[in-house]
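What follows is one structure encoded as structure tokens, with my remarks underneath.
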Amino acid sequence: MPSPLALLATAVLVLTVAGAVAAVRRYRSLARELHARSVVQAAAAERARLADDLHDALGHRLARLALRASALAVTGVPDAADLRREADDAVQDLHRVVDVLRDDTLEPVEDLVRAARAVGLDVTLTGAEGDGAGAPLLRTVVREGLTNAVRHAPAEPVQIDISPRGVTVLNRLAAAGSRPDDGREPFGLDSLERRVRAAGGMLSHGERDGSFVLVVSLPARPVAPDGDLPLPPSALRVFVRQALLPAAVVVTGLVLAYSWAAHDAVLDEDVFAGIVVGQERAAVEAELPEREAPLRPVRAPAAEHGWDCAIYTDGNFPLAMATLQICFDGDEVVRTVDLRERSWL
């Protein structure tokens, strides 16, 4: 059996090699990840730039067009109401495109509520969004609820309730005489529902007790959309998975293999050194192990006709390979061979 020092040295060697391999693999993985993140960040910056350009170039003009169409409708100009609806739709379409482009930089819920209050909306907020993976989608839901409130019932209060399971936006419906009469559904809910379902959540909306209610349930860990990068594993997890576990498997395998190969097959070196040609077989066999070494990578010299040869191990680690040969002819020893002289053992 090898000494504890030999076992420790072998384990350290295996761990060092495994750790080096794991480090190289981790370095390559991080390089690919950093490259992918730089591409994603560049794309996000370009989307933000496009969103700003669209908003600055078209947003204000379309808004002014909608206001003028509303003024013309009051004076009774034919088709002014239709023009106002078309302009309003164009503004909402533009907002949708801008919001998609700016999705990664959407304001926190508190800022969205603050902005809505600044334009005169009566908003009550309970709960907080937190900083989990579902925060961007939750912000999108709140923004959509506030947008529809401004459009359909700007004079009515809005209640936003945020919980760990989702968000509810409740907006009291305007009086019949002051509601928009265009008959259109709240803008963007179909698109929002697709996004919520893609993240593993549920969305429902409709009238309830004189209010328009938007309810969204979100999973604890929303499904990441295509293109998002998963967080890299911790250094400890990488070391355990890529270095410690493989090294433990290798060391365990070597110990088991050694135990099997060396069991009842180790010939003490001092005993072997004391065996000489011409010695009686009976005296020698009394000192020999019960079985021969099973692993024989080094080829032993061929035996002469009539000889009876056996081969044993000196206990070399980690495989206990056959190294010591003894040949008998009849009742006496005719040859001893130390195979360590013919190999790297």
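The values are calculated or read from the model by the stated rules, or taken from the named source; none is laboratory data. It should be emphasised that the depicted structure is a prediction, and the values quoted were computed from it without experimental measurement. A quick note on method: Cβ atoms are made from the backbone with ideal geometry, for glycine too, and the neighbour counts reach across all protein chains shown.
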Open item on the list: Step by step: first the residues of region 130-171, then only those that are part of a helix (DSSP H, G or I) and of a type in the set (Lys, Arg), then the one that is surrounded by the fewest Cβ atoms within 10 Å (Cβ to Cβ). Which residue is that?
Closed with: ARG151
TODO: Scan (1) within 13 Å of LEU324 (Cα to Cα); (2) not basic (Lys, Arg); (3) not assigned by TED's automatic domain parsing to the domain that holds VAL334 for the single condition GLU292 breaks and write down its number.
DONE: (3)
Open item on the list: Where the second residue is assigned to a loop (DSSP other than H, G, I, E, B) and at pLDDT 90 or above and the first is of a type outside the set (A, V, I, L, M, F, W, C) and lies in region 283-307, which pairs have Cβ atoms under 6 Å and are six or more apart or on separate chains?
Closed with: PRO289/ASP264; PRO289/ALA265; PRO289/LEU267; GLU290/ASP264; ARG291/ASP264; ARG291/ALA265
- [ ] Among the residues of region 118-129, count how many are at pLDDT 80 or above and either under 12 Å from GLU156 (Cα atoms) or part of a loop (DSSP other than H, G, I, E, B) (or both).
- [x] 7
